[in-house]
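S.K.: Here it is, the structure, as structure tokens.
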Amino acid sequence: MSDLASTLTEDQLQILKDTALDFALSHGLVVRPPANDTNSAATFGGVINAPVSIFPTPFPINAFNDAVKIQPLYNQLVHDIAQDDAFLKEIMESLSTVDDFVKRLYDLYITVKQEGIAQPASLGIHRSDYIIHLNPGQDFSEAKIKQVELNTISVSFGSLSSLTGDLHKYLHATTGYFTDKIDDSALPVSESITSIASGLASAHQLYGSKTAKVMMVVQPGERNAFDQRWIEYNLLKNHGVVLIRKTLAEIADQGRLDPKTKALYIGDQEISVAYYRSAYATTDYPTEKEWDGRLLAERSLAIKCPTIAYQLVGAKKVQQVLATPGQLERFVKDPEAAAQLRASFTGLYPLDSSPEGMAAYEAALVNSDELVMKPQREGGGNNIYGKDIQTELRKLSAEQRNAYILMDIIRPPITKNVLLRKGELQRADVVSELGIYGIYLHDGRKEIRNDNGGHLLRTKGVESNEGGVAAGFAVIDSLLLV
Ligand code: ADP
Ligand code: MG
Ligand code: MG
């Protein structure tokens, strides 16, 4: 496979480009062009192909199975941590003194908690992201998954992931440019295009009103709207449930709570589930109005996906604290389950005033080549790498450092692929990041669902530190299990 990408002739590349582009446009594997794109397609409301790879990327089957197997454990872990007020308090209070955004979110959590939580149920649609790690001299098949992060809000590309798997299966069947020994079962298509809708349907059903609708909380001018639309279409087609799209500002303007039940109404429309595909970045709250919209939804009887508590559990600081000895084990009592989760951790270090934090700080000032420094932010483009870590550490006060964590860089094997972006092909040396979706529903007393919800593979050029597709670094890929 990897040799093939580099030996393709120009004619073969042209055929791949034309067939892949037509498939993408016919199947909704598309995004909106950037707002500043002045080409005529954009002017007429047109779309461009979602950035994808042409070939699926070889991925060790054992590593994939490990990631799938532990997803229900991660789903349950998020829920259990979200119930532990004291644990969240300790972490969030220390972050709040140095991070205004975390403070705002934590204040919201406190406010709704003090008022009394109207809706006891929680819906989680998570994605745990991994890069595979190989020890020197190890065979590719022995690679182990190492967790990059656990996302608990607004996980994207569930739909486009499935469609990219379909694209690769189609190219495999029609072009003959793949090595001929690939069995269809080695190309697993992700079920995420339907699993996310099914999670929303389960929560809608639990809410219990036939006339209510699901609300997707969206960013104004979303370019990745088609990934989201597939969820809406599948929710209607497979479950008979209607989904409406509202921004935080629209919720503030059009929303109200029933004074007795706290049911959320947008105009005359009752909302069963508030599903966030926004509300995770500082830029999602340009004014107080957006915070008002969030607070209204959070106070309401609607089932939140995620709850504010789940969102807080997704903080990188929580990931780092869990990695310290004994902390994960506080939440995961089964030793085998805890060991499986722990095996997916890489080195994580605090930057606080503890002895471990001071040691990590001193060590990073001397050598930061194998580290990444992360603030409590989501959406890509926020991390600091290499020598920049030292520059940044010198600028920050001891207190300010506490807003960040340090993590060992995971260095995956490099493969070759051909990437299709904005209708153009590009050969590249690439590395990949696997994401496993998790679907979890709890009614406040018992677990209703705890499922694996399919997968995502994102692939980027080796020269890029960051991996976001929406941020323009990566493409959507699929797995060739080997
Ligand atoms: P975000 O919440 O912004 O997505 P991530 O922790 O996922 O933050 O970091 C963004 C990107 O940075 C990842 O997709 C990955 O490409 C890269 N990255 C993050 N942590 C590591 C790591 N430990 N090793 C290698 N690359 C990393
Ligand atoms: Mg994230
Ligand atoms: Mg990420």
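S.K.: Sort through 336, 298 and tell me the only one that's assigned to a helix (DSSP H, G or I), over 30 Å from residue 108 (Cα atoms) and either aliphatic (A, V, I, L, M) or at pLDDT 95 or above (or both).
M.R.: Every option except 336 fails the conditions.
S.K.: While we're here: Could you say whether any residue in region 384-398 is farther than 28 Å from residue 142 by Cβ, in contact with an Asp or Glu (Cβ under 8 Å, 6 or more places away or on another chain), among the β-branched types (Val, Ile, Thr) and within 16 Å of ligand 3 (Cβ to nearest atom)?
M.R.: Within region 384-398, one or more residues are farther than 28 Å from residue 142 by Cβ, in contact with an Asp or Glu (Cβ under 8 Å, 6 or more places away or on another chain), among the β-branched types (Val, Ile, Thr) and within 16 Å of ligand 3 (Cβ to nearest atom).
S.K.: Let me ask you something else. Restricting to region 207-240, name every residue that is among the polar types (S, T, N, Q), part of a loop (DSSP other than H, G, I, E, B) and in contact with a strand residue (DSSP E or B) (Cβ under 9 Å, 6 or more places away or on another chain). Outline the logic, then answer.
M.R.: The first filter runs over region 207-240 and keeps only residues among the polar types (S, T, N, Q), leaving 209, 211, 219, 224, 228, 234, 238.
Retained after the next criterion (residues that are part of a loop (DSSP other than H, G, I, E, B)): 209, 211, 219, 224.
Those that are among the polar types (S, T, N, Q), part of a loop (DSSP other than H, G, I, E, B) and in contact with a strand residue (DSSP E or B) (Cβ under 9 Å, 6 or more places away or on another chain): 209, 211, 224.
S.K.: With the requirement that a residue be assigned to a loop (DSSP other than H, G, I, E, B) and either in contact with a strand residue (DSSP E or B) (Cβ under 8 Å, 6 or more places away or on another chain) or buried (at least 18 other Cβ atoms within 10 Å of the Cβ) (or both), what does region 179-206 give you?
M.R.: Selection gives 182, 187, 188, 189, 190, 191.
S.K.: Restricting to region 345-356, count the residues that are away from ligand 2 (no atom under 16 Å from the Cβ) and buried (at least 17 other Cβ atoms within 10 Å of the Cβ).
M.R.: Going through region 345-356 one residue at a time, the tally reaches 4.
S.K.: Let me ask something else. I'd like to verify a number: residues in region 127-153 that are under 29 Å from residue 232 (Cα atoms), within 12 Å of ligand 2 (Cβ to nearest atom) and in contact with a helix residue (DSSP H, G or I) (Cβ under 9 Å, 6 or more places away or on another chain), how many?
M.R.: 6
S.K.: Residues to consider are 384, 410; find the one that is in contact (Cβ under 8 Å) with a residue 40 or more places away in the chain, β-branched (Val, Ile, Thr) and within 16 Å of ligand 2 (Cβ to nearest atom).
M.R.: 410
S.K.: Inspect region 112-120 for any residue being within 16 Å of ligand 1 (Cβ to nearest atom), in a helix (DSSP H, G or I) and touching a residue at least 24 places away in the same chain (Cβ under 8 Å) and give the result as yes or no. Quick ask: steps written out before the conclusion?
M.R.: Within region 112-120, the first condition is being within 16 Å of ligand 1 (Cβ to nearest atom), and the residues that meet it are none.
Within region 112-120, not a single residue is within 16 Å of ligand 1 (Cβ to nearest atom), in a helix (DSSP H, G or I) and touching a residue at least 24 places away in the same chain (Cβ under 8 Å).
S.K.: Collect the residues in region 418-473 that are within 14 Å of ligand 2 (Cβ to nearest atom) and at pLDDT below 90, keeping them in residue-number order.
M.R.: Result: 466, 467, 468, 469, 470, 471, 473.
S.K.: Counting only residues that are away from ligand 3 (no atom under 16 Å from the Cβ), of a type in the set (Lys, Arg) and within 30 Å of residue 339 (Cα to Cα), how many does region 142-187 have?
M.R.: Residues flagged as away from ligand 3 (no atom under 16 Å from the Cβ), of a type in the set (Lys, Arg) and within 30 Å of residue 339 (Cα to Cα) within region 142-187 amount to 1.
S.K.: Same structure, new question: Whether any residue in region 76-83 is in contact with a Ser or Thr (Cβ under 8 Å, 6 or more places away or on another chain) and away from ligand 3 (no atom under 16 Å from the Cβ) is what I want to check.
M.R.: Checked region 76-83: at least one residue is in contact with a Ser or Thr (Cβ under 8 Å, 6 or more places away or on another chain) and away from ligand 3 (no atom under 16 Å from the Cβ).
S.K.: It is to be established whether one or more residues within region 154-162 are buried (at least 23 other Cβ atoms within 10 Å of the Cβ) and among the β-branched types (Val, Ile, Thr).
M.R.: Yes, region 154-162 contains at least one residue that is buried (at least 23 other Cβ atoms within 10 Å of the Cβ) and among the β-branched types (Val, Ile, Thr).
The values are calculated or read from the model by the stated rules, or taken from the named source; none is laboratory data. Keep in mind that what you see is a predicted model, and the values were worked out from it rather than measured. Cβ sites come from the backbone with ideal geometry, for glycine too, and all protein chains shown count toward neighbours.
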